[in-house]
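**Q** Take a look at this one; I'll ask things after.
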Amino acid sequence: MITRRTLGKLALGLIGATALAAPAFAQSMPAPFDNPGQVKIALVRYLSTGDFFQAYLSGVEAQARALGVDLRVLDSRQDAALQADMVDQAIALGVQGIIIQHGLTESMRDAAQRAVEAGIKVVAFDVNVENDAVPQIEQSDRDLARLALEQAIVDNGETWTAGYVYVAGIAPLDRRDETWKEFKAKYAGITEKAMFGTLDNPIANSVANQARSVLAANPDINVMFAPYDEFAKGVKIAVDEAGMSSSIKIYSADISTSDIAAMREPGSAWAATAATNPAVVGQVSVRALAMMLAGEDPGHNVVVPPTLITQAQLIDNDIKNMEELSVKLPQFAHADVAMPAWMPLAVK
């Protein structure tokens with residue numbers, strides 16, 4: 001029997017245990033994270049259009065919440081000069097850490113250096129700021145391209161005629177381009193008939209406009225390598241309109257729920273993509289920055305490994321969205337990267 005007096009003693013015991021546990025928990029978090037709400041960080045974005053970047057932002061926000069930090073998001077919307085100014089704005093706000101997300105080396109190199117000189121910890125995702133003090137968060141872009149192109153070889157053999165979507169000067173696209181060049185050198189049967197691409201908003205529609213002309217001029221193209229999902233969406237629009245879905249296969253990088261729907265459409269030309277979970281990459285970006293703020297070294301290259309995702313996998317496993325993809329392909333759901341023992345996990 002539990003009497004009222006016994007219940008009171010139990011309650012007092014729980015209160016005492018909680019009081020003892022609170023300091024222990026605080027001690028388990030290193031400074032400055034042992035004082036919740038006192039850490040302020042900024043995310044300075046260059047690219048934000050598309051599902052990938054929305055998911056990346058959600059991962060940044062989730063990990064920031066888990067750490068109890070104050071996150072400021074500054075979005076330049078592909079204005080390189082404005083992005084550099086926004087780094088200065090973040091410095092003026094008194095942040096302790098900055099995540100630079102995409103951008104151009106020539107505009108972000110000096111901006112990143114100004115932040116470092118101001119004593120601010122900086123990490124860069126998919127932009128090379130040419131600074132040894134700034135860790136590079138990467139999706140292993142060469143592996144993204146390699147996995148997609150290896151699947152293209154499996155599906156189409158070693159001889160095919162390709163269209164290639166590329167915009168120079170964007171670090172992840174440049175790294176993926178290196179792998180594309182290696183594959184063309186390795187497989188003499190690959191012929192690149194056309195190279196095109198744009199980052200004009202809306203990206204998918206702008207690429208679709210280019211792809212229409214490319215397909216009209218090169219009807220013998222049977223493989224499209226579009227190593228960014230907004231590029232692949234644009235190519236698919238043009239391929240569908242041209243009635244060429246049965247004669248062309250599209251290989252890409254990155255994934256989202258809308259990409260999954262497009263790949264699952266009956267007769268879809270979109271055969272495969274290689275991807276990391278963009279929300280996980282966002283979490284890793286914050287974790288790496290948090291390690292630096294805690295006086296730890298995440299390493300100069302913080303690499304999130306990718307996963308190959310084929311049209312057949314999506315259909316055979318009845319995967320219809322990103323949540324189901326994470327459940328049915330567990331390697332996609334988490335990256336054990338920049339994960340010291342004290343680091344709290346992000347939750348949705």
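The values are calculated or read from the model by the stated rules, or taken from the named source; none is laboratory data. Computed from a predicted structure; not experimentally measured. FYI the Cβ positions are ideal-geometry reconstructions off the backbone, even for glycines, and counts take in every protein chain you see.
Here is a yes/no grid of residues against (1) without any contact (Cβ under 8 Å) to a residue 40 or more places away in the chain; (2) outside any helix (DSSP H, G or I); (3) not assigned by TED's automatic domain parsing to the domain that holds residue 60:
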residue: 72; (1), (2), (3): yes, yes, no
residue: 81; (1), (2), (3): yes, no, no
residue: 84; (1), (2), (3): yes, no, no
residue: 100; (1), (2), (3): no, yes, no
residue: 106; (1), (2), (3): yes, no, no
residue: 111; (1), (2), (3): yes, no, no
residue: 114; (1), (2), (3): yes, no, no
residue: 129; (1), (2), (3): yes, yes, no
residue: 132; (1), (2), (3): no, yes, no
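**Q** A further question on this structure: For residue 319, only one of the following conditions fails: (1) touching a residue at least 60 places away in the same chain (Cβ under 8 Å); (2) over 23 Å from residue 127 (Cβ atoms); (3) surrounded by 19 or more Cβ atoms within 10 Å (Cβ to Cβ); (4) out of contact with any strand residue (DSSP E or B) (no Cβ under 7 Å at 6 or more places or on another chain). What is its number?
**A** Among (1) touching a residue at least 60 places away in the same chain (Cβ under 8 Å); (2) over 23 Å from residue 127 (Cβ atoms); (3) surrounded by 19 or more Cβ atoms within 10 Å (Cβ to Cβ); (4) out of contact with any strand residue (DSSP E or B) (no Cβ under 7 Å at 6 or more places or on another chain), the lone unmet condition for residue 319 is (1).
**Q** Just to be sure before I move on: is residue 212 surrounded by fewer than 18 Cβ atoms within 10 Å (Cβ to Cβ) and either in contact with a Phe, Trp or Tyr (Cβ under 8 Å, 6 or more places away or on another chain) or in a helix (DSSP H, G or I) (or both) in the structure I sent?
**A** Answer is yes for this residue.
**Q** Another question, if that's okay. Inspect all residues belonging to segment 152-171 and state whether any of them is part of a helix (DSSP H, G or I), within 26 Å of residue 101 (Cα to Cα) and in contact with a His (Cβ under 8 Å, 6 or more places away or on another chain). It would help to see each step written out before you state the result.
**A** Here is the first cut: in segment 152-171, the residues part of a helix (DSSP H, G or I) are 152-156, 171.
This time we only want the ones that are within 26 Å of residue 101 (Cα to Cα), so: 171.
Subsequent filtering for residues that are in contact with a His (Cβ under 8 Å, 6 or more places away or on another chain) retains 171.
So far as segment 152-171 goes, yes, one or more of its residues are part of a helix (DSSP H, G or I), within 26 Å of residue 101 (Cα to Cα) and in contact with a His (Cβ under 8 Å, 6 or more places away or on another chain).
**Q** Cβ-Cβ under 8 Å, sequence separation 6+ or interchain: first residue in segment 270-297 and in contact (Cβ under 8 Å) with a residue 24 or more places away in the chain and surrounded by 24 or more Cβ atoms within 10 Å (Cβ to Cβ), partner aromatic (Phe, Trp, Tyr) and not in a helix (DSSP H, G or I). Which pairs?
**A** 272/251; 273/251; 281/125; 285/125; 290/33
**Q** Moving on to the next point. If you take the residues of segment 215-264 that are within 24 Å of residue 282 (Cβ to Cβ), hydroxyl-bearing (Ser, Thr, Tyr) and in contact with a strand residue (DSSP E or B) (Cβ under 8 Å, 6 or more places away or on another chain), which of them is surrounded by the most Cβ atoms within 10 Å (Cβ to Cβ)?
**A** 252
**Q** Also, I was wondering about something else. What are the residues in segment 132-159 that are within 20 Å of residue 224 (Cβ to Cβ) and of a type in the set (Gly, Ala, Ser), if any?
**A** Matches in segment 132-159: 145, 148, 152, 157.
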